[in-house]
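Would you mind keeping the following structure in view while I ask a few things?
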Amino acid sequence: MSLKNNSSKFYRNLIQQQDLLYELDKRLDKKDSNAVENLEETLSRIETKLDILLMQKGK
């Protein structure tokens, strides 16, 4: 598999994870602030990975 295909697959997987986190966040009881904070931190890390991947694809 080429690097481009691997990057595309990685990008799609990150998007799916991001979508899942958004759905989980919507369903969470907002009283559980630790869980919300953990999801936000995880989402931030995923977004950072997406930014890095997009920069690499742009080269």
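The values are calculated or read from the model by the stated rules, or taken from the named source; none is laboratory data. What you see is a predicted model, and the numbers here were worked out from it, not measured in a lab. Cβ: placed from backbone, ideal geometry, glycine included. Neighbour counts: every protein chain shown.
Collect the residues in segment 46-59 that are surrounded by 10 or more Cβ atoms within 10 Å (Cβ to Cβ) and either of a type outside the set (A, V, I, L, M, F, W, C) or modelled with pLDDT under 80 (or both), keeping them in residue-number order.
E47, T48, K49, D51, Q56, K57
Yes/no per residue for (1) under 23 Å from L54 (Cβ atoms); (2) exposed (fewer than 12 other Cβ atoms within 10 Å of the Cβ); (3) modelled with pLDDT of 80 or more:
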residue: N5; (1), (2), (3): yes, yes, no
residue: K26; (1), (2), (3): no, yes, no
residue: D29; (1), (2), (3): no, yes, no
residue: D32; (1), (2), (3): no, yes, no
residue: E41; (1), (2), (3): yes, yes, yes
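Same structure again: So the check is Cβ under 9 Å with 6+ separation or different chains; which pairs have a first residue in segment 36-59 that's under 16 Å from Y22 (Cα atoms) and touching a residue at least 40 places away in the same chain (Cβ under 8 Å) and a second one that's charged (D, E, K, R) and surrounded by 10 or more Cβ atoms within 10 Å (Cβ to Cβ)?
Once the first residue is under 16 Å from Y22 (Cα atoms) and touching a residue at least 40 places away in the same chain (Cβ under 8 Å) and sits in segment 36-59, no partner that is charged (D, E, K, R) and surrounded by 10 or more Cβ atoms within 10 Å (Cβ to Cβ) comes close enough.
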